[in-house]
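This report concerns only the one structure given below.
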Amino acid sequence: MSPTTAKEGSLIPVKAGIGLRFQHHQAVLDTHPAVSWMEVHTENYMGGGSPLRYLDLIRQERPISLHGVGLSLGSAEGLDVEHLKRIQMVAERIAPGMMSEHLAWNVVDGAYLPDLLPLPMTEEALDVVCRHVDQTQSFLKRRFFIENPSTYVQFKHSTIPEWEFIAAVAARTGCGILCDVNNIYVSAQNHGWDAVRYLAALPAEAIGEIHLAGHSVRNLPNGRTIRIDDHGSKVCDEVWSLYRAAIQRFGAVPTLIEWDNDVPPLDVLLAEATRAQAILDEAAEDGNADAA
């Protein structure tokens, strides 16, 4: 398949892909699934060994995107340069079609915390993130993409709406945006935001990838509910609907199915990717009809 490339800084085809997890390494090599691209968590391949050998083989058949979870772009104490070097080593070996990281922080005093923690949406935090994105792009010598978070709390002293914060980072640094539609839905439900308004505020020209995943709903003692971005189930109907709105807003964009907990057989992920591909195909047909 000859890939149609996405936005600047990406060589990922404008198709639906899946997140590659260790459970599916052998199945992918055995079955050669007809999926156009895959994404992996960069940190899972920093230790070498069999995971990296599997990835060497898998990337020979399709483009790979590297998605980081430990760079901690929001850390006030600065980036861990040694971690950046480890990212660079994986990138040099894998030659990824795209690289991305979360808009979050998870490092303090050299200790890595097991979660992606939210930032206060302030001018000071914006300066920190932009400085770190600039540093990352300069170090890696390529355009980088940042992913919007899923959040469960808000800071009282935040002064910038999250969607404006992310748009400002892209405008100031030239980075791209990885739009996680499930994260937008989860955060909107948790905080009472308008998810469609969130999408409308993001610069379409900066969107280089979309993530889709499942989430869970938990009941709180006060009678309220909270949605948790746990990547442990199929994409729900409401997120599929929001995805359609995103494609209408941004046009066709490489779209990834993520699944990290209770990982199912490979065929389940492929079926979800097929559903996303159908929506991308519809958008392409509509675009061709409008141009006719």
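Of the residues that make up segment 126-136, is at least one under 22 Å from E39 (Cα atoms) and at pLDDT 95 or above? Checked segment 126-136: at least one residue is under 22 Å from E39 (Cα atoms) and at pLDDT 95 or above. Within segment 142-171, the set of residues being over 20 Å from the mean Cα position of the chain (by Cα), modelled with pLDDT of 95 or more and of a type outside the set (S, T, N, Q) comprises I160 only. Condition check: polar (S, T, N, Q) and crowded, with 20+ Cβ neighbours inside 10 Å. Does S150 satisfy that? So S150 fits the description; yes.
One line per residue, one yes/no per condition, for (1) touching a helix residue (DSSP H, G or I) at 6+ places or on another chain (Cβ under 8 Å); (2) among the aliphatic types (A, V, I, L, M); (3) more than 30 Å from A34 (Cα to Cα):
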residue: Q60; (1), (2), (3): no, no, no
residue: S75; (1), (2), (3): yes, no, yes
residue: G78; (1), (2), (3): yes, no, yes
residue: L103; (1), (2), (3): yes, yes, yes
residue: F144; (1), (2), (3): yes, no, no
residue: I160; (1), (2), (3): yes, yes, yes
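Determine if segment 268-275 includes at least one residue that is under 16 Å from the mean Cα position of the chain (by Cα) and closer than 22 Å to A168 by Cα. No, every residue in segment 268-275 fails to be under 16 Å from the mean Cα position of the chain (by Cα) and closer than 22 Å to A168 by Cα.
I'm trying to understand the selection: among the residues of segment 53-70, which are modelled with pLDDT of 95 or more, among the hydrophobic types (A, V, I, L, M, F, W, C) and closer than 22 Å to V81 by Cα?
L66
Residues in segment 261-288 that are hydrophobic (A, V, I, L, M, F, W, C) and at pLDDT below 95: A283, A284. Pairs needed: first member in segment 97-122, closer than 22 Å to D230 by Cα and in a loop (DSSP other than H, G, I, E, B); second member anywhere, charged (D, E, K, R) and modelled with pLDDT of 85 or more; C-beta distance under 8 Å; at least 6 residues apart or different chains. Pairs found: L103/E147.
Selection of segment 266-281 for residues being in contact (Cβ under 8 Å) with a residue 12 or more places away in the chain and not polar (S, T, N, Q) yields L266, V268, L269, L270, E272, A273, R275, A276, I279, L280. Within segment 51-79, can you find the residues that are within 21 Å of the chain's Cα centre (by Cα) and more than 23 Å from Q23 (Cβ to Cβ)? L71, S72, L73, G74, S75, L79 - these are the residues of segment 51-79 that are within 21 Å of the chain's Cα centre (by Cα) and more than 23 Å from Q23 (Cβ to Cβ). Out of all the residues in segment 111-146, which are in contact with a Leu (Cβ under 9 Å, 6 or more places away or on another chain) and closer than 17 Å to P96 by Cα? Those that are in contact with a Leu (Cβ under 9 Å, 6 or more places away or on another chain) and closer than 17 Å to P96 by Cα: T136, F139, L140, F145, I146.
Kindly indicate the residue of segment 108-124 that is touching a strand residue (DSSP E or B) at 6+ places or on another chain (Cβ under 7 Å) and under 26 Å from A167 (Cα atoms) and also modelled with the highest pLDDT among those meeting that condition.
Among residues in segment 108-124 that are touching a strand residue (DSSP E or B) at 6+ places or on another chain (Cβ under 7 Å) and under 26 Å from A167 (Cα atoms), the one modelled with the highest pLDDT is L119.
The values are calculated or read from the model by the stated rules, or taken from the named source; none is laboratory data. Keep in mind that this is a model prediction, so the values were computed, not measured. Positions of Cβ are backbone-derived with ideal geometry, glycine not excepted, and every protein chain shown enters the neighbour counts.
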